[in-house]
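Every number in this text was worked out from the coordinates using simple rules, so none of it is lab data. Model, not experiment: these values are computed from the prediction. Cβ sites come from the backbone with ideal geometry, for glycine too, and all protein chains shown count toward neighbours.
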Amino acid sequence: MAGMTVMLAGPGLSAGLSFDAITTAADVIAERLAETPLVAHPLLDDAVGARVLVKHEHVLPTGSFKVRGGVHLAARLTDEERTRGLVTCSTGNHAQSVAYAARLAGVPATVVMPASAPALKRDAVRALGATVVVHGDTLGDAAARARELGRPDADDAAAYVDTTDPRIILGHATAYLELFRAAPDLDLLYVPIGSGTGAAGACLVRDRLAPGCRVVGVQSSAARAGWLSWRSGDIVTAPCATRAGGLATTCGYPLPQSVLRDRLDDFLLVTDDDIDAAARLLATHAHTLAEGAGAASLAGLLADRDRAAGARVGVVVSGGNASPDEIARLAS
């Protein structure tokens, strides 16, 4: 197996990620965000050969489910975080989430983004009031710089907010609380995986509300660190060359992986071309503009048609922040 491996920590790693904590987070988020639609699209059913429900998370204020994590984070900041301000790293949607959180809480935020992050997403972070630092070519490079800026021993250091902070995972999980409360009889649910926070939340909620549903993760074959980590039980780093910014991770993330290891039913890899094809299908058959990560769950379903045939299936459009290049590829 290519790449570096680190042993995955034991079961205590996910302590605090519980169904009850998710329902509490949902109460916090409901004060700021409306529930997102869960919609059937008959044309999509015909094209796929299954009964498909689409969870439209792209309609949220920052165009992504990740704002849920930001809203919950804003309500749970410590006094030290409020004093120091926040720093994080992201290719785009987590960046906007933390910027949104900082604006809600009235604290400064700095977001380190790799040069590969779409310019439109960098502009969106600035528009929310955060400072953007462009560093390195990959998310791994940006993460290293953000941790340097967040070192407690540094002068005027901000508080580092990890992509997989438990407060953020609990916020992300509320999307699946809404989904499974509305559709507890799903047979299959396909979930995009970058860091894995959404999929971890999906599994935690599924275990309580829809134990008969199989949760299937989907990742780009050009950014397979999460897939390798799940398969091996170790935390693996691997090259990343995907066009789908929301899936562009270079390593597995210990906290989500500690949840996914025994709960995720399957994990599929799809190509970037598969993701583009799914984005075109969402545009033409579900009236939906999705970014790459937002189309990945449908790409997984399309790659898994035999298992899904005739089933009641859920897919999650996790984000709609499509870049100009992604939009152009819809017509190709």
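Enumerate the helices in the chain for which the Kyte-Doolittle hydropathy averages -1.0 or more and the C-alpha atoms extend at least 20 Å along the helix's axis, using complete DSSP H runs.
Passing helices, by number: 166-182.
Compute the distance from the alpha-carbon center of the stretch 117-167 to that of the stretch 296-332, in whole Å.
29
Based solely on C-alpha atoms, express the radius of gyration and the Dmax of the chain in angstrom.
Rg, Dmax (Cα atoms, Å): 18.3, 59.
For the stretch 67-160, count all C-alpha to C-alpha pairs, find those more than 17 Å apart, and express that count as a whole percent of the total.
Percentage above 17 Å: 43.
Stick to Cα atoms and the Kirkwood definition of Rh, then tell me Rg/Rh for the stretch 144-250.
That ratio equals 1.05.
Among 301-313, 214-226, 250-262, what's the highest-first ranking by average C-beta atoms within 10 angstrom per residue?
With the highest mean Cβ count within 10 Å placed first, the list reads 214-226, 250-262, 301-313.
Ranking Ile22, Ile168, Ile327 by Cβ neighbours within 10 Å, fewest first, what do you get?
Working: Ile22 22, Ile168 29, Ile327 13.
Ranked by crowding around the Cβ, least crowded first: Ile327, Ile22, Ile168.
Would you compute, from DSSP H runs of 4+ residues alone, the mean residue ellipticity of the chain at 222 nm, taking -39500 (n - 2.57) per run and dividing by the full residue count, rounded to the nearest 500? Present the calculation step by step, with values, prior to reporting the outcome.
Details: 15 runs with 151 residues, N = 332.
Computed mean residue ellipticity for the chain: -13500 deg cm²/dmol.
To make sure I understand, if each residue's beta carbon is the centre and we count other beta carbons within 10 Å, what order do Val315, Val161 fall in, fewest to most?
Numbers: Val315 32, Val161 28.
So the ranking, lowest neighbour count to highest, is Val161, Val315.
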